[in-house]
1. If residue 140 passes every condition in (1) modelled with pLDDT under 85; (2) exposed (fewer than 15 other Cβ atoms within 10 Å of the Cβ); (3) outside any helix (DSSP H, G or I) but one, which one does it miss?
């Protein structure tokens, strides 16, 4: 928090007025990153109305890659969260935990919805486990 206060040119006490812990600050960084990423995916999918589900899955993956290039620090924060136990650390408000979880679920829902579209389009087998397949796709993009 000393480094954050120094970089922001605030006193440490002022930083603690806005963030009750460094973990809380980290969560706020993730929330900002999630929002940027979600907006990027929504723009990409809105521009892809005439694409099929397979093309949209590729588009989601490409958008995640572009997010990583454009916002590497946000990408790192989100991926560290997705691969760790940061939401169980003390110093995080329930509101921040719930928002991070909801935003992460929204990203995951893009994969599940697109897979369901693929089943309806006849491009993806109807007997696949949508949730597990979405988890695999998500894991591949963050791995």
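The values are calculated or read from the model by the stated rules, or taken from the named source; none is laboratory data. Not measured: the values here are computed from a predicted model. Neighbour counts are summed over all protein chains in view; Cβ atoms, including those assigned to glycine, are modelled from backbone coordinates with ideal geometry.
1. (3)
Residue-by-condition table, conditions (1) closer than 22 Å to residue 98 by Cα; (2) at pLDDT 75 or above; (3) surrounded by 15 or more Cβ atoms within 10 Å (Cβ to Cβ):
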position: 1; (1), (2), (3): no, no, no
position: 4; (1), (2), (3): no, no, no
position: 8; (1), (2), (3): no, no, no
position: 13; (1), (2), (3): no, no, no
position: 16; (1), (2), (3): yes, no, yes
position: 19; (1), (2), (3): yes, no, yes
position: 27; (1), (2), (3): yes, yes, yes
position: 39; (1), (2), (3): yes, yes, no
